[in-house]
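What follows is a set of notes on a single structure, which appears directly below.
The values are calculated or read from the model by the stated rules, or taken from the named source; none is laboratory data. Just so it is clear, the structure is predicted and the values come from calculations on it, not from any experiment. Virtual Cβ from ideal backbone geometry, glycine too; neighbours counted across all protein chains shown. These area figures cover heavy atoms from the full protein model, side chains too; ligands, DNA and RNA do not enter into them. Shrake-Rupley method; radii C 1.70, N 1.55, O 1.52, S 1.80 Å.
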Amino acid sequence: MLENERYGEAMKLLHFLLQCQGQEERHYDEWRALLEWLQAAFPQYEETSPAVLEEREEEEEISEEDMARQHARMKLEQDDGYADKMLRTVMEEPLSEQTMLALEQLAYLDLPKIDEALTSWLKDKSLHPLLQFRVLQTLRRRGVQGMILFTRGEEQVEVEIDTVPLRPEEFPLQIVQILERVADQTEVHEPTLFYFAQELWIQYVMAVYGTRDYVSMLEENDSMTDIWAAALHMTVADSLGGSHDEENTRSMYAVTGAMRFRLEQAYRSMKQFVSAGLDG
């Protein structure tokens with residue numbers, strides 16, 4: 001490849017080789033050294049380096065955000081009451097896909113009154129947990145900073161707006177590790193269960209964001225990871241088959257008798273979220 005000046009293909013091959021396992025370490029060192037030399041000597045041919053891919057993703061996101069902002073600005077120029085219409089859709093109409101679309105529009109309308117309206121609504125009204133989280137995301141996209149205190153169920157929740165995750169990969173590592181723990185136990189032998197576990201987990205994590213349950217997930221110990229992973233497994237098993245084998249699941253995730261009470265709490269919390277649906 002190098003003799004024929006196929007530098008881009010050579011870089012792709014080296015990236016692939018570096019992800020393979022089971023080779024002698026000296027091979028990885030040689031591949032890494034050669035890749036670094038190619039990246040420095042022929043940067044215009046680099047297509048798959050993590051840095052370049054991340055930069056491209058950021059450029060795409062910026063482009064999409066600019067387009068959304070431009071669209072919102074155009075709507076506002078055409079209709080002075082557009083922001084009020086979007087606020088009414090969010091606050092007064094039944095929760096639906098239109099609610100989420102209206103929140104997306106509100107994220108890009110440059111009007112300070114929107115911050116005040118959404119903040120007050122979040123503080124004063126009893127909202128579905130997923131809608132609360134979407135409002136928090138909208139406030140972060142609008143550049144709102146500082147702490148906000150609101151009620152979720154019977155719990156007072158305090159959240160720092162500028163740290164609210166905008167996409168799943170922005171959640172802390174502990175959140176990801178809980179799902180990975182379930183993957184370890186189900187991905188091969190119960191792929192259907194794992195598929196639904198992925199779907200449920202992100203919805204549930206958004207719904208409990210900032211609560212005591214969420215804070216407990218962030219504890220840096222394997223026991224809490226095991227507890228939440230087992231609770232997720234049990235909840236999805238219930239949804240798919242109507243029941244679960246608790247003893248077998250506890251054994252699978254090494255949840256000992258001393259941890260059983262905490263497992264039951266986590267399981268109950270997840271079951272309540274599933275039962276509530278969009279009317280909760």
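A compact table of results
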read-out: Residues of segment 90-137 classified as within 22 Å of GLU65 (Cα to Cα), more than 23 Å from the chain's Cα centre (by Cα) and of a type in the set (Phe, Trp, Tyr), total; value: 0
read-out: Considering residues of segment 71-113 that are of a type in the set (Ser, Thr, Tyr) and in contact (Cβ under 8 Å) with a residue 24 or more places away in the chain only, the residue nearest to LEU131 (Cα to Cα); value: THR99
read-out: Scope segment 239-279; condition acidic (Asp, Glu) and either open to solvent by less than 20 Å² (accessible area, probe 1.4 Å) or assigned to a loop (DSSP other than H, G, I, E, B) (or both); matching residues; value: ASP245
read-out: Candidates LEU87, LEU76, LEU13, LEU17 - the one that is modelled with pLDDT of 90 or more and either in a helix (DSSP H, G or I) or open to solvent by less than 40 Å² (accessible area, probe 1.4 Å) (or both); value: LEU87
read-out: Selection from segment 129-149 of residues that are surrounded by fewer than 16 Cβ atoms within 10 Å (Cβ to Cβ) and in a helix (DSSP H, G or I); value: none
read-out: Selection count, segment 163-180, where residues are surrounded by 12 or more Cβ atoms within 10 Å (Cβ to Cβ) and among the acidic types (Asp, Glu); value: 1
read-out: Yes/no for SER126 being open to solvent by 60 Å² or more (accessible area, probe 1.4 Å) and among the hydroxyl-bearing types (Ser, Thr, Tyr); value: yes
read-out: Near pairs, Cβ below 9 angstrom, 6+ apart or cross-chain, from segment 196-225 (touching a residue at least 60 places away in the same chain (Cβ under 8 Å)) to any residue that is among the hydroxyl-bearing types (Ser, Thr, Tyr); value: LEU200/THR235; LEU200/SER239; TYR204/THR235; TYR204/SER269; VAL208/TYR214; VAL208/SER269
read-out: Qualifying residues in segment 138-179 (those that are hydroxyl-bearing (Ser, Thr, Tyr) and closer than 19 Å to ASP124 by Cβ) - the one nearest to the chain's Cα centre (by Cα); value: THR138
